[in-house]
Structures are given as structure tokens and as C-alpha cells.
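**Student:** Quick one: the structure is below, questions incoming.
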């Protein structure tokens, strides 16, 4: 699975989440320092940073992003 496919899968999972406690925890990540983030998130950020610019997806609306495969 490519990094883009992983991101899309995560966004789809988040979009269908019904557990408010999990959503609150995820919202807390926005305010966290790099030292406070879970290892999995840090690894994904490092993978994204290592991707060549031409492989990155430009920011889209959420609806358009979820339609991507």
C-alpha cells in the first residue's frame, strides 16, 4: 500500500468514526508537539516528508479526496 493509499484509508476511517472519545483524542494531536505524537503518526509523517514532490497529492476538498483511488 502506498503512502497515498494509507492516507485515503485513514481519512475514510475517520469520516465514518462514531466514537467521540477517539475523535477527541485525535483532535488533541493537532496541539501535540512532535515528542508527544504516537510513533505510528511520526513514522507516517517521516514517510510523507521523504516522498518526492511530484508524488505528493495537492490538497483537495474532502469530497474530492475521498473519491480518489
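Every read-out reported here was derived from the displayed coordinates using simple, explicitly stated rules and does not represent laboratory data. Everything quoted here is computed from the prediction, not taken from an experiment. Glycine also receives a Cβ, built like all others from the backbone with ideal geometry; neighbour counts cover every protein chain displayed.
**Student:** For a Förster distance of 22 Å, can you work out the FRET efficiency between the beta-carbons of residue 56 and residue 9, rounded to the nearest 0.05?
**Tutor:** The computed FRET efficiency comes out at 0.80.
**Student:** Simple spin-label model, 7 Å along Cα-to-Cβ: residue 45 to residue 16 in nm?
**Tutor:** Placing both labels 7 Å beyond Cα along the Cβ direction yields 2.8 nm.
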